[in-house]
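Scroll down for the structure; my scribbles are underneath it.
The values are calculated or read from the model by the stated rules, or taken from the named source; none is laboratory data. Note that the structure is a prediction, hence the values are computed from the model and not measured. Just the protein is used for accessible areas: all its heavy atoms, side chains included, with ligands, DNA and RNA removed. Shrake-Rupley method; radii C 1.70, N 1.55, O 1.52, S 1.80 Å.
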Amino acid sequence: MKSGRASQTAELVCMGRAVAHAASGFEFFDPTAYELLPGAERARVERACSERPSKDPRTLADRVYLEHLAAVMTARTIAIDAAIREHAAPQLVLLGAG
């Protein structure tokens, strides 16, 4: 992690959430994710969400990677949200390593 910058893991999660938000058909809502991204990462999300996939192999691979990441972020968020609603807990604490 570099001083003054989010970790790569945090940026990847944010990119996955931004792609998931932009994708149609997902039960997912996170309009803030895209806004939190630095310029280069925003460009990656925009390419992944574009109507016409690139023919460049690297760009196409990045798109597929971010789409898979979005699917994981969606499933994880929906599962956590459902568990919280089911238990009607007044408070939630998330612990993370890294």
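In the chain, the portion of solvent-accessible area held by carbon and sulfur atoms comes to 57 percent [1.4 Å probe, whole percent, DNA, RNA and ligands not counted].
The helix-only estimate of mean residue ellipticity at 222 nm for the chain, built from DSSP H runs of length n ≥ 4 each weighted as -39500 (n - 2.57), is -21000 deg cm²/dmol after division by the residue total.
Over the chain, what is the relative contact order in whole percent, taking alpha-carbon pairs under 8 Å and six or more residues apart?
For the chain, the relative contact order is 30 percent.
Hydrophobic, long helices, defined as DSSP H runs whose alpha-carbon span along the helix axis is 24 Å or greater and whose mean Kyte-Doolittle value is at least -1.0, occur in the chain at 57-87. Remark on the chain: ratio of C-alpha radius of gyration to 2.2 N^0.38 Å is 1.19.
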